[in-house]
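The values are calculated or read from the model by the stated rules, or taken from the named source; none is laboratory data. Just so you know, these numbers come straight off a predicted model, no measurement behind them. Note that we place each Cβ from the backbone using ideal geometry, even for glycine, and neighbour counts take in every protein chain shown. For accessibility, only protein heavy atoms count, side chains too; no ligands or nucleic acids. Shrake-Rupley method; radii C 1.70, N 1.55, O 1.52, S 1.80 Å.
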Amino acid sequence: RSHSKAARLVALLGEGTGASLEDMTDATGWQAHTVRAALTDLRKRGFAIARHVEGSTTVWSLGQMAQ
């Protein structure tokens, strides 16, 4: 669904350098453990989720769809 919280999460991950856990919880209204579970679900659906550290913050970003 194009206006779902999961769609907002995908859009956020695809913007710029990605999103921190705080960014994702603010955008969706979900708790941290729910955001992490959603990231796992996106991986299972074939999305490539990359993770890197900027300073002291972990940032997740969206890569290409896995084939």
Report summary line: Options (1) 31, 27, 20; (2) 44, 20, 17; (3) 74, 22, 11 are given for Cα extents along the principal axes in Å, and the computed one is (1)
Query raised in the report: How large is the dipole of segment 2-67 about the Cα centre if only Lys and Arg carry +1 and Asp and Glu carry -1, each at its Cβ, rounded to the nearest 20 debye?
Result: 340 debye
Report summary line: Of the accessible area of the chain, computed with a 1.4 Å probe and all protein chains kept, carbon and sulfur make up a percent value of 49 percent
Query raised in the report: Among 36-46, 17-27, how do they line up from the highest to the lowest mean number of other beta-carbon atoms within 10 Å?
Result: 17-27, 36-46
Report task. Starting from the Cα-Cα distance between ASP41 and HIS3, subtract it from 0.36 nm times their residue separation and give me the gain in nm to one decimal. Result -> 11.9 nm
Query raised in the report: Just from its helices, what would the mean residue ellipticity at 222 nm be for the chain, if runs of 4 or more DSSP H residues each count -39500 (n - 2.57) and the sum is divided by every residue, rounded to the nearest 500 deg cm²/dmol?
Result: -13500 deg cm²/dmol
